[in-house]
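Let me begin by presenting the structure, written as structure tokens, before commenting on it.
The values are calculated or read from the model by the stated rules, or taken from the named source; none is laboratory data. Keep in mind that what you see is a predicted model, and the values were worked out from it rather than measured. With ideal geometry, Cβ positions are generated from the backbone for all residues, glycine too; neighbour counts draw on all protein chains shown. To get the accessible areas, we keep the full protein, side chains included, count just its heavy atoms, and leave off ligands, DNA and RNA. Shrake-Rupley method; radii C 1.70, N 1.55, O 1.52, S 1.80 Å.
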Amino acid sequence: TTCCDVLGALYDQKADFARIFSGYAPTYGDIAAGLTFERELSQSISNELNENKQYSMIIGASGVGKTTLCRQILARLSKAGLYCWEHNVDAPFLHEEWVDIATRLKRIGKFGCLLVDDAHVHLPKINLLVENLASNDNKNLKVVLASAKNHWRPRVKNASLFKEGAVYEVS
């Protein structure tokens, strides 16, 4: 599959502390079980996405907890009633499909949020998604992007990411 349904993962994934202890990023099941500490940024970014921001870009060095922070944000938004998905980092990013989802969300008056980890890998397609959302004035799909700082900075990004979003550097 190309994505994970966050609400389903919160209830279906089993917690596995040994996996976290071995250095893997916590799953939604681990977050739901309380096996992670919550960063201060989690609540404030969630609130901003729920209220007025469309994009959040989380950057930082490898291993600082970007994925965990992003998953905590999506878990919080999912519990608040947004449809939330995480893109599978190994799958192609199908921006046309996300445009369709955003259009459906707008049509029914609902909101959703998509997490793209290692976003620098898919940035050209992400830029196309952002461009389409901006040109159609569609704010119903929120997007959380996570990337290593050294891969994120030198790449060209759509201006709407900064106009309608914010960059958060974690360390």
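Details
- Restricting the calculation to alpha carbons of the range 2-99 gives Rg and Dmax of 13.5, 38 angstrom.
- Rounded tilt (10° steps) of 66-79 against the dominant C-alpha axis of the chain: 70 degrees
- What a 1.4 Å probe finds exposed on the chain is 50% carbon and sulfur by accessible area, rounded to a whole percent.
- Sequence ranges 22-29, 3-10, ranked by mean other-Cβ count within 10 angstrom, highest first: 3-10, 22-29
- Nearest-10 value in Å² for the accessible area of Phe17, using the 1.4 Å probe: 120 Å²
- P(r) weight above 24 Å for the range 73-171, C-alpha pairs, percent: 17 percent
- Calculated Rg and Dmax of the range 79-133 using C-alpha coordinates, Å: 11.5, 31
- Acute angle (nearest 10 degrees) that the helix 40-51 long axis makes with the longest principal axis of the chain, alpha-carbon atoms: 30 degrees
- Averaged per residue, the chain has 52 square angstrom of accessible surface, using a 1.4 angstrom probe with ligands and nucleic acids left out.
- Extent of the chain along its three principal axes (Cα atoms, max minus min coordinate, largest first): 45, 37, 30 Å.
- Take Thr103: with every protein chain present and a 1.4 Å probe, its accessible area is about 70 Å².
- For the chain, the longest principal axis of the Cα atoms and the long axis of helix 123-135 meet at an angle of about 50 degrees.
- When Glu40, Glu86, Glu131 are compared by accessible surface with a 1.4 Å probe, the order from highest to lowest is Glu40, Glu131, Glu86.
- Rounded to the nearest 10 Å², the accessible area of Trp98 at probe 1.4 Å: 10 Å²
- Among the listed pairs Lys110/Lys149; Lys66/Lys139; Lys79/Lys157; Lys14/Lys53; Lys14/Lys149; Lys66/Lys142, those whose Cα-Cα separation exceeds 28 Å are Lys110/Lys149; Lys79/Lys157; Lys14/Lys53; Lys14/Lys149.
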